[in-house]
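Visitor: Dumping the structure here so I can ask a few things about it.
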Amino acid sequence: MRVLVTAGPTREAIDPVRFLGNRSSGLMGAELTRALLVAGHDVVLVHGPLSVELPQSDGASLITVAVESALEMLASCQQHWPSCDALFAVAAVADYRPAQVAAQKLKRSADHEMTLQLVPNPDIVATLAQEKGHRLVLGFALETTDAETRLAEARRKKAAKNLDWVVANGAEAQGATESEVSLIGPDDSVTTLGPLAKNTLAREIVSLIFA
Ligand code: CTP
């Protein structure tokens, strides 16, 4: 199989020196990429600015594309999606971006409040999943609420975004080396995995999905 993986945070420019971002390190996306490669799959990894090491590319089984913003990530994914058989949407995509990017660095003013106007970014996984056909799509659902609400939200996202699998996790997973997740499958069954190191977790997720 050839799997398209999105990973890491996106950065949404405010001006030439500032951006809106989030705490994602990209570790889960990097480990899922490694687990897919070990299982014999080909991967196209489209990633935002990672704070972890990029999986090793031999140029044949792994193609990596570095992007910054959600719009860049979507454009790259749309280019690669037609040649892939599955999508793992692991990226922590910024839901909003500044309506305007200032051409010059915004200046500080001690006596004026500053308001940033934000516009919604496209939902990358939902956009690609609209044209999935029989291809497999896995998404993540990151929630800061209690376990029960987290599962309900994950199920809602699975249906709303046309996903086959959804991995529900909590905010504590961001930037961490370990994680505990609930994996909801195509038949809505729930498998809880972890807490485990993300490399072990990634291998378990891959073997469950391609069992
Ligand atoms: N996702 C995406 N594009 C976006 C937002 C999210 O592709 N603009 C993907 C993520 O990669 C993940 C899934 O959608 O696989 C769920 O992301 P999450 O942040 O949990 O949910 P949101 O849809 O952003 O909803 P909310 O922030 O309201 O919880």
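The values are calculated or read from the model by the stated rules, or taken from the named source; none is laboratory data. These numbers come from a predicted model, not from an experiment. FYI the Cβ positions are ideal-geometry reconstructions off the backbone, even for glycines, and counts take in every protein chain you see. Just the protein is used for accessible areas: all its heavy atoms, side chains included, with ligands, DNA and RNA removed. Shrake-Rupley method; radii C 1.70, N 1.55, O 1.52, S 1.80 Å.
Visitor: Per residue, how big is the convex hull around the C-alpha atoms of the chain? Give it to me in cubic angstrom, could you?
Guide: In the chain, the Cα hull volume divided by residue count equals 136 Å³.
Visitor: Taking Cα centroids, how far is region 18-36 from region 96-171 in Å?
Guide: 14 Å
Visitor: Taking the dipole about the Cα centre of the chain, with the C-beta of Lys and Arg at +1 and of Asp and Glu at -1, give me whichever of 183, 94, 138 is farthest to the positive side.
Guide: Farthest towards the positive end: 94.
Visitor: Where does each of 184, 14 land when they are ordered by accessible area, with a 1.4 Å probe and the largest first?
Guide: 14, 184
Visitor: Related question: Could you give the angle, 0 to 90 degrees to the nearest 10, between helix 27-38's Cα long axis and the longest principal axis of the Cα atoms of the chain?
Guide: 30 degrees
Visitor: Please identify every one of the GluC sites (Glu not before Pro) in region 1-79 that sits in a loop by DSSP and has no more than 12 other beta carbons within 10 Å of its own beta carbon.
Guide: 53
Visitor: Right, here's the next one. Please list, in order, the residues from region 129-143 whose amide nitrogen is less than 11 Å from a point placed 7 Å along the Cα→Cβ vector of residue 191.
Guide: none
Visitor: Test of understanding: what is the full-extension gain from residue 103 to residue 180, defined as 0.36 nm times their sequence separation minus their Cα-Cα distance?
Guide: Details: separation 77, 0.36 × 77 = 27.72 nm, distance 4.23 nm.
Residue separation times 0.36 nm, minus the Cα-Cα distance, leaves 23.5 nm.
Visitor: Helix 147-160 versus the longest principal axis of the chain: what angle, 0 to 90°, nearest 10, using Cα atoms?
Guide: It works out to around 90 degrees.
Visitor: For every helix of n ≥ 4 consecutive DSSP H residues, a contribution of -39,500 (n - 2.57) applies; sum these over the chain, divide by its total residues, and give [θ] at 222 nm rounded to the nearest 500 deg cm²/dmol.
Guide: The per-residue figure over the chain is -8000 deg cm²/dmol.
Visitor: Turning to a different aspect of this structure: How many percent of the alpha carbon pairs in region 70-128 exceed a separation of 14 Å?
Guide: Cα-Cα pairs in region 70-128 separated by more than 14 Å: 65 percent.
Visitor: Something else about it: Using the Karplus equation 6.51 cos²θ - 1.76 cosθ + 1.60 (θ = phi - 60°), what ³J(HN,Hα) coupling, rounded to whole Hz, does each residue of region 107-117 give in order, writing x for Gly and Pro?
Guide: Along region 107-117, the couplings run 8, 6, 9, 6, 10, 10, 6, 10, 10, 9, 8 Hz.
Visitor: Please identify, among 89, 60, 30, the residue showing maximal mean-square fluctuation in a Gaussian network model of the chain using a 10 angstrom Cα cutoff.
Guide: Answer for the Gaussian network model of the chain: 60.
Visitor: Let me know the shape class of region 112-211, please: from the alpha-carbon gyration tensor, a ≥ b ≥ c as square roots of the eigenvalues, rounded when a/c is under 1.5, otherwise prolate if a/b is greater than b/c, or oblate.
Guide: In terms of gyration-tensor shape, oblate.
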